[in-house]
Amino acid sequence: LPGCVRVPVESTGPYGEPLTVSYARRGDTAVVEMAMCAGLPLAEGRPDPEHTTTYGVGTVMRRAVQDGCTRLVIGLGGSCTTDGGAGMAAALGAVFRDAEGTVFVPTGATLSRVASIDLSPARRLLEGVTVQAMCDVKNPLYGPEGAAFVFAPQKGADEAMVRRLDEALRDFAQVLRCELGADVADVPGAGAAGGMGAGILALLGGRLESGIDTVLDLVGFDGLLAGADLVFTGEGQIDAQSLNGKVIDGVARRARAAGVPVVCVAGSVGEGAQSAYDVGVSAIFSINRRAEGFETSRYKSRENLAAVMEDILRLVQAVEGCAL
């Protein structure tokens, strides 16, 4: 984006390890991608959503505020955490205490220990600052469709851990209601990024908005559609969930309104992907050229994508008789 700069920040990862990350700044707006500090790849080989934390995300947000930013746009998704955003809030000054009055930074394993929350330091830091989270799911905080049951298995949780995490999120929601008067558990998107959506709402007084619509507006997508013949979009895996306010859904809706066909190029095609045709997607292609697992194909993503895109464009050339 014109006028956008990358600002390096010394922060920490999901297990507290030091990381050099960055946020994007444009004027007084800071865009922070939470997965830079708490993303699934950072926990590869050691997944444990009971003990990972969003503390590093809060560290980046704090730095952006200290740098003079008055609008924080936070990207939610791809997390390895299930801490309800408590780590993030702690880094911003929120104080969590257990029943004995001991201060600690909650994780998924210890959310049930939270007995009181003091937000006054965080509120002083964020005075005059708006927090807007980009969210592409509508899941509640807990329950069958909540953060633990739907997302924790892909973060390494077995059935027993999923149940423990769900119970912890329920306990945390109760504390948010009693201590802060914040009844956010059933707000669509509260379960995003391991419950960080709920944390944005209850602990920071922020708001959740459609991630893809925020991005499309930011880059002026509707203007870019003018005169376009074809739109390419993608997803790691396209399936039924891809249409619940995610990238493909947002792009297809806007392109369809402008009469521009959309081609989805995905890492893999899962169950329910065909429903994308109902919202404006014209064709779906997987970049996998051999029958092999993600653990193998992931290292060939760049070359596989290039090869499939060439094949698609060769087809367009053959049909339309136009030059590449």
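The values are calculated or read from the model by the stated rules, or taken from the named source; none is laboratory data. Since we're looking at a predicted model, the values are computed, not measured. Ideal geometry is used to build each Cβ from the backbone, glycine not excepted, and the neighbour counts take in all protein chains shown. The protein model used for the area step is the full one, side chains on, heavy atoms only, and it has no ligands, DNA or RNA in it. Shrake-Rupley method; radii C 1.70, N 1.55, O 1.52, S 1.80 Å.
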Residues of the stretch 245-273 satisfying the condition of being open to solvent by 50 Å² or more (accessible area, probe 1.4 Å), modelled with pLDDT of 90 or more and part of a helix (DSSP H, G or I): 253, 256, 257
Total residues in the stretch 71-82, condition outside any strand (DSSP E or B), open to solvent by 10 Å² or more (accessible area, probe 1.4 Å) and not small (Gly, Ala, Ser): 1
Pick from the stretch 8-18, criterion of a type outside the set (Gly, Ala, Ser) and crowded, with 18+ Cβ neighbours inside 10 Å, ranking: nearest to residue 77 (Cα to Cα): 14
Residue pairs meeting the criteria (Cβ under 7 Å; at least 6 apart or on separate chains; first under 13 Å from residue 252 (Cα atoms), in the stretch 265-276; second open to solvent by less than 40 Å² (accessible area, probe 1.4 Å) and among the polar types (S, T, N, Q)): 276/242
Scope the stretch 274-303; condition closer than 15 Å to residue 246 by Cα and surrounded by 18 or more Cβ atoms within 10 Å (Cβ to Cβ); matching residues: 276, 280, 281
Residues located in the stretch 25-70, provided they are farther than 20 Å from residue 131 by Cα, touching a Lys or Arg at 6+ places or on another chain (Cβ under 9 Å), of a type outside the set (D, E, K, R) and open to solvent by 10 Å² or more (accessible area, probe 1.4 Å): 40, 47
Residue in the stretch 72-95 that is under 15 Å from the mean Cα position of the chain (by Cα) and farther than 16 Å from residue 195 by Cβ present: yes
Residue identified as farther than 21 Å from residue 123 by Cβ and either touching a residue at least 40 places away in the same chain (Cβ under 8 Å) or among the small types (Gly, Ala, Ser) (or both) among 75, 58, 68: 75
Verdict on residue 167 being without any contact (Cβ under 8 Å) to a residue 60 or more places away in the chain, open to solvent by 70 Å² or more (accessible area, probe 1.4 Å) and assigned to a helix (DSSP H, G or I): yes
Cβ-Cβ under 7 Å pairs, at least 6 apart or on other chains, the stretch 1-24 side closer than 18 Å to residue 83 by Cα and without any contact (Cβ under 8 Å) to a residue 60 or more places away in the chain, far side aromatic (Phe, Trp, Tyr) and surrounded by 17 or more Cβ atoms within 10 Å (Cβ to Cβ): 12/55
